[in-house]
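Note sheet for the following structure.
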Amino acid sequence: MSQIINPEEHPDDFQSVLGLIQHYQDTKKENSIDAHFLSKDAIQKFLDNPDFDAFKVHHGRTSEGTRTLVFEGVTKTGTSLNTYVANIPDCPPSCNWENS
């Protein structure tokens, strides 16, 4: 089950999560993607669907060879809602909301 981790409620887990991110930063290949932005609007569309219970996160690759993520909405039993979030901005180059 997914866990929401913040420094107040889970200080040890919070430091562990920061360590995962730092380890990636320390070992990533040059010009790698650091992060992806998933907008509140995209999430809200799923939350408004009464059958939505979770996201399945797929790793993908564009025709240019760039790695990306695709979020698939699923029901409580894991059945696909046949609704996806794609074309999620990469950081870099879109490392703030103004560029996303």
*Which aspartates and glutamates does Lys76 reach when only Cα atoms under 20 Å apart count, and residues fewer than 8 places away in its own chain are ignored?*
Asp48, Asp51, Asp53
*Tally Lys and Arg at +1 and Asp and Glu at -1 over the other residues with C-beta under 14 Å from the C-beta of Phe46: what net charge comes out?*
-1
*Within 10 Å of each residue's Cβ, count the other Cβ atoms and sort Phe52, Phe71 from fewest upward.*
Phe52, Phe71
*If the cut-off is 16 Å between C-alpha atoms, which lysines fall inside it for Lys45, apart from same-chain ones fewer than 8 positions away?*
Lys56
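Among Ile4, Ile88, which comes first, second and so on when ranked by fewest other beta-carbon atoms within 10 Å? Show your work: numbers first, answer last.
Numbers: Ile4 7, Ile88 18.
Going from least to most buried by this count: Ile4, Ile88.
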*Mind listing the phi-derived Karplus ³J(HN,Hα) values for the stretch 41-48, rounded to whole Hz, using 6.51, -1.76 and 1.60 with θ = phi - 60°, and x for any glycine or proline?*
4, 5, 5, 4, 4, 6, 4, 6
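Taking a quarter of the surface of the convex hull around the Cα atoms of the stretch 33-99, what do you get in nm²? List each step's numbers first, then the result.
Numbers: hull surface 19.5 nm².
Hull-based average projected area comes out at 4.9 nm².
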*Structure-based [θ]222 nm, the chain - -39500 (n - 2.57) summed over DSSP H runs of at least 4, per residue, nearest 500*: -8000 deg cm²/dmol
*If we count trypsin sites (Lys or Arg not before Pro) as exposed when they sit in a DSSP loop and have at most 11 other beta carbons within 10 Å, what is the longest stretch of the chain that avoids them all?*
30-75
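Report the relative contact order of the stretch 1-82, percent, no decimals, based on alpha-carbon pairs under 8 angstrom and at least 6 residues apart. Display every interim value, and only then the final one.
Working: 63 pairs, mean separation 14.9, N = 82.
So the answer I get is 18 percent.
Computed from the coordinates by the stated procedures, all read-outs in this text should not be read as laboratory data. What you see is a predicted model, and the numbers here were worked out from it, not measured in a lab. Glycine also receives a Cβ, built like all others from the backbone with ideal geometry; neighbour counts cover every protein chain displayed.
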